[in-house]
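What follows draws every value from the coordinates through simple rules; no lab data is involved. All values derive from a computational prediction rather than experimental measurement. Note that we place each Cβ from the backbone using ideal geometry, even for glycine, and neighbour counts take in every protein chain shown.
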Amino acid sequence: MSTAILQKLNADHKSIAKVLYCLRAQIKGYDDPEVEPNIGQIMDILDYICTVPERWHHPVEDILFTRLLEKNPPHPEQIQAVMNEHSELERLTQELRTAFERVAMDIAVPVSLLYRTATLYLSRQMLHLDAEESVLFPLAEECLDEDDWADVEEAAQQVLDSLDNNAQREYDNLRDAIINFADAD
Ligand SMILES: [Fe+2]
Ligand SMILES: [Fe+2]
């Protein structure tokens, strides 16, 4: 069974992963003199990763994973740990954004530290997406019944309806601009 909510979450992951790949390409510029990083593109990427998961993605996943935990799944502590990563990833994104804001303002930031921090950050983000796609989403498909999915869909829809549609369109456009910039490069 593939529900609308799982389709939405998987589609979000595809967008987030594409944007993370763009960040990885930019970050190379801090390790490889052949690559010139574009700070405007990096700031757009961090704006996207700061906002989209926080507003539209994590709240829906939190509803889904909370219901999953109620179904006595195996290894609940690992599911809880993935959920806890949401606030941690949001904090790390903010930290990275602050570091690049300093770069944008020409405040000296050690390049090797910036490169290491950004690289570690990218691998944590990727591992998080992977844990959800390979373990948590399939587990939810296995453990939740039709009534659970109906409840989750309704609660998720309420969250999504309460959010600003214009802002969502704005961030869809930002995502396209980020990806097109990388393609044109
Ligand atoms: Fe997540
Ligand atoms: Fe996710």
**Complete:** The residues TYR121, TYR171, sorted from fewest to most surrounding Cβ atoms within 10 Å, come out as TYR171, TYR121
**Prompt:** Using r as the Cβ-Cβ distance of LEU127 and ILE179, and R0 as 25 Å, what FRET efficiency do you calculate, to the nearest 0.05?
**Reply:** 0.70
**Fill in**
Per the 1/(1 + (r/R0)^6) rule, R0 = 22 Å and r from the Cβ atoms of CYS143 and GLU77, FRET efficiency to 0.05 is 0.90
**Request:** Would you mind pulling out the separation of the Cα centroids of the range 107-185 and the range 1-73, in Å?
**Result:** 3 Å
**Request:** Quick one: go through the range 128-163 and flag any residue whose amide nitrogen is under 14 Å from the point 7 Å out along the Cα-to-Cβ line of LYS8.
**Result:** 149-163
**Fill in**
The residues THR93, THR51, sorted from fewest to most surrounding Cβ atoms within 10 Å, come out as THR51, THR93
**Stretchable slack from THR66 to MET105, in nm (0.36 nm times residue separation minus alpha-carbon distance)** = 9.9 nm
**Asked** Hey, in the GNM for the chain with a 10 angstrom Cα cutoff, which one of ILE42, ILE63, ILE27 fluctuates hardest?
**Response** ILE63
**Prompt:** At 222 nm, what helix-only mean residue ellipticity would the chain give, in deg cm²/dmol to the nearest 500, using -39500 (n - 2.57) for each DSSP H run of four or more?
**Reply:** -26500 deg cm²/dmol
**Message:** Using a 10 Å cut-off around each Cβ, can you sort PHE181, PHE65 from fewest to most neighbouring Cβ atoms?
**Reply:** PHE181, PHE65
**Message:** As a test of understanding, state the convex hull volume per residue of the chain from its alpha carbons, in Å³.
**Reply:** 118 Å³
